[in-house]
1. Quick one: Cα convex hull volume of region 295-387, Å³ per residue?
2. Please list the non-local residues whose amide H lies under 5 Å from the amide H of GLY74, H modeled 1.01 Å from N, same-chain partners needing a gap of 5 or more.
3. Calculate log10 I(q)/I(0) of region 170-386 for q = 0.18 Å⁻¹, where I(q) comes from the Debye formula with a single equal point scatterer on each Cα and nothing for solvent.
4. Provide the gained length on full extension for the span MET309 to ASP247, in nm with one decimal, where the gain is 0.36 nm per separating residue minus the Cα-Cα distance.
5. Taking 7 Å along the Cα-to-C-beta vector as the label spot, tell me the ARG156-GLN210 distance in nanometres, rounded to one decimal.
6. For region 186-285, compute Rh as the Kirkwood radius over C-alpha pairs and then the Stokes-Einstein diffusion coefficient at 4 °C and 1.567 mPa s; write the answer in µm²/s, rounded to an integer.
7. Under the Kirkwood approximation for Rh and a Cα-based Rg, what ratio Rg/Rh is obtained for region 186-237?
8. About the Cα centre of the chain, how large is the charge dipole given +1 on each Lys and Arg Cβ and -1 on each Asp and Glu Cβ? Please answer in debye to the nearest 20.
Amino acid sequence: MPREVIMPALGMAQETGKVLRWWRSEGEEVRQGEPLLEVETDKANVEIESPASGVLARVLAREGDEVPVGQVIGWILLPGEEPSELPAAPVSAPAAAAAAVSTEEVLGPPTVAEPAPVRPRASPKARRLAREMGVDLRSVQGSGPGGAILASDLQRLTEAAPASELPHVWKLMAERTARAWSTVPHFFLQRDVRADRLVAWHQALRQRLQVELTYTDLLVKLVATALRAHPEVNARWEDGRIRRLPDVNVGIAVATEHGLVVPVVHRADELPVERIAQRRAELVDRARAGRLRPEDVDGGTFTISNLGMYGVDRFLAVVNAPQAAILSVGRLADRVVAEEGRPVVRPTLSLGLACDHRVLDGARAARFLETLAAWVEEPLALLDFGR
């Protein structure tokens with residue numbers, strides 16, 4: 001029987017989702033697991049995959065519609081099925097009320113159904129650029145053969161866009177940051193830590209593992225283990241109370257062309273470094289291609305923001321509400337430090353911890369940062385913790 005396409009829940013407190021665009025039109029074939037539509041959340045724009053293979057039929061939610069979670073927004077006809085097998089279309093409340101007023105009213109002419117929109121002709125590169133830019137190809141004038149849309153047509157749109165026009169992801173980022181800064185009572189801790197053992201750990205793992213390994217991957221592992229040791233930090237402020245969270249899901253702030261997004265490494269405390277590196281690479285690639293999935297951005301319990309690769313020595317971030325804290329990481333650099341009363345040069349790292357004072361006080365936050373700093377300075381201590 002035909003499969004329902006349902007507006008999914010993309011967040012713990014989400015009640016509705018906004019349809020941004022359908023990647024397929026009515027009558028087009030779809031494959032299970034391929035992107036079917038894009039939905040707006042309070043974290044990012046995410047792609048919803050097709051729940052089955054078949055033909056998209058009877059799209060009930062148009063682009064721009066705000067739809068309650070769990071509501072049917074379309075149907076997929078499985079191979080061999082006909083449109084006549086679709087359930088009867090639901091009658092809207094206003095239409096039902098009007099019909100109940102009188103059965104003697106003169107009916108107007110029957111409404112002619114609008115034809116399904118025609119998929120614009122476009123090159124594969126143009127379609128990819130349109131997805132990355134958030135552009136509806138139906139609004140673009142093509143300059144290719146037969147009016148086909150080329151990549152150069154999309155590039156001209158970017159050049160002609162007014163300076164004040166912001167990508168949707170950037171607007172979401174701005175709204176969330178402003179709300180967090182104005183409603184969360186922040187306090188901040190900072191600490192410089194020696195990183196020579198971290199550097200040695202990184203070099204040793206790079207030689208042994210068959211993955212691209214970054215310092216962020218190591219920090220995800222260290223932070224996740226520290227959160228397991230300090231569960232009061234792995235928490236959130238919710239409905240006027242503190243809620244400790246059972247899973248340790250570490251978000252990584254990723255800068256994209258259209259704004260900042262925070263994909264999540266789920267249960268990072270249970271993953272080996274190699275798997276964390278693989279997962280981080282997958283998430284960053286999808287984030288920068290604008291192809292994040294709902295599960296990629298949902299459920300974060302703590303966030304890491306690393307600007308060291310941009311030459312930033314130290315900074316303090318804004319809490320990613322409703323999480324309790326966020327770690328900011330500066331660049332790893334050689335610095336002169338005092339050691340047994342004499343100056344020596346050691347690689348060091350600057351860590352900043354921004355906290356929600358409703359969830360944490362200074363002492364609890366300081367104990368967490370102390371544990372994290374100790375493990376950065378001596379990663380082998382993780383082995384003792386795991387016993």
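Here, each number is a calculation from the coordinates, and none is a lab measurement. From a predicted model like this one, the values you see are computed outputs, not experimental measurements. All Cβ positions, even for glycine, are placed from backbone atoms using ideal geometry, and neighbour counts span all protein chains on display.
1. In region 295-387, the Cα hull volume divided by residue count equals 153 Å³.
2. VAL5, LEU60
3. Values returned for q = 0.18 Å⁻¹ are -1.44.
4. 19.4 nm
5. 4.8
6. 85
7. So for region 186-237, dividing Rg by the Kirkwood Rh gives 1.07.
8. Dipole about the Cα centre, nearest 20: 1280 debye.
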